[in-house]
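Novice: I am attaching a structure below and will ask some questions about it afterwards.
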Amino acid sequence: MQKHAIEKEQEEVRKTELEQYMQQNPLVADLMELNEVNWLNPNRKLTAEAGPFAVSREDMQKAEAVWRRFAPYFKKAFPETASTDGIIESPLREIPQMKAELERYAGETFEGRYYLKCDHDLPVAGSIKARGGVYEVLCHAEQLALEAGLLAEEDTYEKFTSSEFREFFSNHAIGVGSTGNLGLSIGIISAALGFHVTVYMSADAKEWKKELLRKKGAEVIEFEGDFGEAIKEGRNRTLADDKAYFVDDEKSRKLFLGYSTAAFRLQQQLESEHIRVSADQPLFVYLPCGVGGSPGGITFGLKQLFGDAVHCFFVEPTHSPAMLIGLATGKMNEVSVQDFGIDNKTEADGLAVGRPSALASPICKDLISGIWTIADAELYRLLALLADSEDLFIEPSAASGLAGPLKVKAAGYAEQLQLSMENAVHIVWATGGSFVPEDEMSAFYAKGKALLG
Ligand SMILES: *Cc1c(COP(=O)(O)O)cnc(C)c1O
């Protein structure tokens with residue numbers, strides 16, 4: 001067959017498949033038209049019946065132990081972590097004024113208390129990537145140091161600030177492909193430990209991120225064109241060096257486990273607020289989703305601790321509903337939004353993802369309660385409402401979860417599960433923002449104000 005004839009046939013097959021999906025699931029047609037959708041997961045399982053998964057509760061406990069071992073290092077190398085004893089953690093903050101503001105804006109009320117989990121303020125990386133990205137680099141550094149006989153597990157990890165350690169790590173390279181926050185987290189912690197770190201970015205990545213990385217001692221390599229190619233090239237170039245390590249966002253177990261440990265800290269924070277998560281006091285968590293590693297890891301962790309009393313919902317941009325398409329079609333990471341004619345163009349950094357993580361999607365399939373999609377314009381409006389009501393400034397992607405309680409209400413979820421919402425606790429996970437330069441943040445805010453009219 002001629003090349004164009006083969007292509008034509010493939011095109012026909014693809015069209016037939018899409019039509020089948022659209023018939024099976026009207027949601028797919030809605031997604032293709034870029035409408036905002038509100039999907040409940042029909043495959044969600046009771047916690048006791050979910051899994052088995054590629055990670056376990058024991059893995060999560062081991063990950064928490066790694067953080068504890070590195071606490072003396074962080075206290076010394078990143079003094080901003082001293083108030084949390086060297087643990088990278090963010091506050092949980094009730095936002096009652098935003099609740100009132102959101103209800104006024106939407107013309108609708110919701111029951112329960114309303115909190116913001118302030119990962120936009122996480123030390124070291126200024127975004128949720130300070131959990132996954134940093135954790136993966138720590139694991140690698142620890143392993144190298146143990147293998148080289150520089151470290152014994154009972155040593156104080158303050159040693160990682162020594163010139164001997166930095167000298168040792170300077171002979172090892174780390175690479176990562178990222179348009180933004182993952183690159184920042186890997187670049188910052190790797191350079192701080194002394195690694196030779198290279199961040200492969202697309203040429204259109206934000207200038208301030210490139211500058212900040214270079215200032216911290218990372219090498220930034222820019223690629224024109226498709227970002228998928230940039231990642232591939234980054235992976236190939238990194239792996240060509242046998243002393244180099246590549247952080248792979250699309251399937252990393254380490255990233256996932258780094259995120260999962262957030263659950264232990266949140267449990268403590270809820271206890272300090274005298275919140276006892278139970279059937280009478282259900283916990284609702286709203287998580288922005290890119291490849292699914294951070295929201296999936298946190299969901300996995302929370303399910304280990306709170307079981308069926310916690311309900312996790314994801315939110316994705318209308319232009320990048322990667323996880324939703326993977327779960328709704330059952331095809332997971334075998335399909336991308338581009339296969340459905342969706343362009344994956346959004347201003348939500350961290351969420352512009354066309355294909356979900358192979359590791360996270362089967363876990364999310366069993367555990368999450370639903371996903372809604374949001375238009376970019378709405379991100380800016382929510383960002384401005386939060387700034388006006390609480391004087392909190394977060395980046396657009398991080399604002400995506402704010403309407404969560406209203407989405408849950410609109411979906412009729414509590415009725416379906418016969419949940420009492422009176423004492424519900426809603427947590428919106430704010431995933432990034434504190435490293436965004438002031439002028440950019442002002443521009444985000446101005447855009448939101450203009451859209452609010
Ligand atoms: C990376 C990121 C997310 C999503 O995390 P994934 O692991 O890609 O799903 C959400 N918000 C921000 C600000 C991010 O940088």
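Novice: Quick one: which of 380, 413 is away from the ligand (no atom under 15 Å from the Cβ), surrounded by 19 or more Cβ atoms within 10 Å (Cβ to Cβ) and either of a type in the set (Val, Ile, Thr) or at pLDDT 95 or above (or both)? Give the derivation first.
Specialist: Numbers: 380 fails: away from the ligand (no atom under 15 Å from the Cβ).
The unique qualifying residue is 413.
Novice: Here are some residues: 286, 259. Which one is in contact (Cβ under 8 Å) with a residue 12 or more places away in the chain, touching a His at 6+ places or on another chain (Cβ under 8 Å), open to solvent by less than 80 Å² (accessible area, probe 1.4 Å) and within 12 Å of the ligand (Cβ to nearest atom)?
Specialist: Details: 259 fails: touching a His at 6+ places or on another chain (Cβ under 8 Å).
After applying the criteria, what remains is 286.
Novice: Still on this structure, please answer the following. Return yes when residue 350 is closer than 28 Å to residue 425 by Cβ, open to solvent by 30 Å² or more (accessible area, probe 1.4 Å) and within 14 Å of the ligand (Cβ to nearest atom) and no when it is not. Give the derivation first.
Specialist: Numbers: closer than 28 Å to residue 425 by Cβ: yes; open to solvent by 30 Å² or more (accessible area, probe 1.4 Å): yes; within 14 Å of the ligand (Cβ to nearest atom): yes.
Yes; evaluated as a whole, the condition is true for this residue.
Novice: Could you please let me know if residue 398 is within 20 Å of residue 287 (Cβ to Cβ), assigned to a helix (DSSP H, G or I) and aliphatic (A, V, I, L, M)?
Specialist: Details: within 20 Å of residue 287 (Cβ to Cβ): yes; assigned to a helix (DSSP H, G or I): yes; aliphatic (A, V, I, L, M): yes.
Yes: the conditions hold for residue 398.
Novice: Report the residue count in segment 102-137 for those that are open to solvent by less than 10 Å² (accessible area, probe 1.4 Å) and more than 16 Å from the ligand (Cβ to nearest atom).
Specialist: 3
Novice: Need at least 3 residues that are surrounded by 17 or more Cβ atoms within 10 Å (Cβ to Cβ) per element, so show me which strands (runs of 3 or more DSSP E) inside segment 186-248 make the cut, counting only ones lying wholly within it. Break it down into steps so the answer makes sense when it comes.
Specialist: Values: elements: 196-202, 219-223, 244-247.
Output list reads 196-202, 244-247.
Novice: Being closer than 27 Å to residue 439 by Cβ and either more than 14 Å from the ligand (Cβ to nearest atom) or among the hydrophobic types (A, V, I, L, M, F, W, C) (or both) is the filter here; which residues of segment 177-196 pass it? Spell out how you get there, then give the answer.
Specialist: Going residue by residue through segment 177-196, those that are closer than 27 Å to residue 439 by Cβ are 178-189, 191-192.
Selection gives 182, 184, 186, 188, 189, 191, 192.
Novice: Any chance segment 336-343 includes a residue that's in the same structural domain as residue 200 (by TED's automatic domain parsing) and out of contact with any strand residue (DSSP E or B) (no Cβ under 9 Å at 6 or more places or on another chain)?
Specialist: No, because not a single residue in segment 336-343 is in the same structural domain as residue 200 (by TED's automatic domain parsing) and out of contact with any strand residue (DSSP E or B) (no Cβ under 9 Å at 6 or more places or on another chain).
Novice: Kindly check whether there is at least one residue in segment 37-44 that is of a type in the set (D, E, K, R) and assigned to a loop (DSSP other than H, G, I, E, B).
Specialist: Within segment 37-44, the subset of a type in the set (D, E, K, R) is 44.
So of that shortlist, the ones also assigned to a loop (DSSP other than H, G, I, E, B) come out as 44.
For segment 37-44, residues of a type in the set (D, E, K, R) and assigned to a loop (DSSP other than H, G, I, E, B): present.
Novice: Of the conditions (1) away from the ligand (no atom under 13 Å from the Cβ); (2) assigned to a loop (DSSP other than H, G, I, E, B); (3) not assigned by TED's automatic domain parsing to the domain that holds residue 399, residue 276 clears all except one; give me its number.
Specialist: Here residue 276 clears every test but (3).
Novice: I'd like to verify a number: residues in segment 132-155 that are within 15 Å of residue 193 (Cβ to Cβ) and among the charged types (D, E, K, R), how many?
Specialist: Residues of segment 132-155 within 15 Å of residue 193 (Cβ to Cβ): 133-146, 148, 150-151.
Still in the list and also among the charged types (D, E, K, R): 136, 142.
Here the count works out to 2.
Novice: Residue 409 - would you say it is more than 14 Å from residue 315 (Cβ to Cβ), of a type in the set (Lys, Arg) and touching a helix residue (DSSP H, G or I) at 6+ places or on another chain (Cβ under 6 Å)? Please lay out each step first, then the result.
Specialist: Details: more than 14 Å from residue 315 (Cβ to Cβ): yes; of a type in the set (Lys, Arg): yes; touching a helix residue (DSSP H, G or I) at 6+ places or on another chain (Cβ under 6 Å): no.
For residue 409, the condition - more than 14 Å from residue 315 (Cβ to Cβ), of a type in the set (Lys, Arg) and touching a helix residue (DSSP H, G or I) at 6+ places or on another chain (Cβ under 6 Å) - is not met.
Novice: Anything in segment 420-450 that is within 13 Å of the ligand (Cβ to nearest atom) and open to solvent by 10 Å² or more (accessible area, probe 1.4 Å)? List them, or say none. Reasoning before the result, please.
Specialist: Step one: of segment 420-450, the residues within 13 Å of the ligand (Cβ to nearest atom) are 428-436, 444.
Listed by number, the residues that qualify are 431, 434, 435, 436, 444.
Novice: Within segment 77-131, can you find the residues that are in contact with a strand residue (DSSP E or B) (Cβ under 9 Å, 6 or more places away or on another chain) and assigned to a helix (DSSP H, G or I)?
Specialist: 96, 98, 99, 102, 119, 120, 121, 129
Novice: Then there's this: Before we move on, is residue 392 in contact (Cβ under 8 Å) with a residue 12 or more places away in the chain and not in a helix (DSSP H, G or I)? Outline the logic, then answer.
Specialist: Details: in contact (Cβ under 8 Å) with a residue 12 or more places away in the chain: yes; not in a helix (DSSP H, G or I): yes.
Here the answer is yes, as residue 392 does meet what is asked.
Novice: Filter segment 307-331 down to the residues that are without any contact (Cβ under 8 Å) to a residue 40 or more places away in the chain and within 18 Å of residue 267 (Cα to Cα) and list them by number. It would help to see each step written out before you state the result.
Specialist: Of the residues in segment 307-331, the ones without any contact (Cβ under 8 Å) to a residue 40 or more places away in the chain are 309-310, 320, 322, 326, 330-331.
Within segment 307-331, 309, 310 qualify.
Novice: If you check 311, 319, which single one turns out to be of a type outside the set (Ser, Thr, Tyr) and over 19 Å from residue 36 (Cα atoms)? Steps first, answer last, please.
Specialist: On the way: 319 fails: over 19 Å from residue 36 (Cα atoms).
Just one listed residue meets the conditions, 311.
The values are calculated or read from the model by the stated rules, or taken from the named source; none is laboratory data. The shown structure was predicted, so the numbers you read here are calculated from the model rather than taken from an experiment. As a convention, Cβ positions derive from the backbone with ideal geometry for all residues, glycine included, and neighbour counts pool all protein chains shown. In case anyone asks, the SASA skips ligands and DNA or RNA and just uses the protein heavy atoms, side chains included. Shrake-Rupley method; radii C 1.70, N 1.55, O 1.52, S 1.80 Å.
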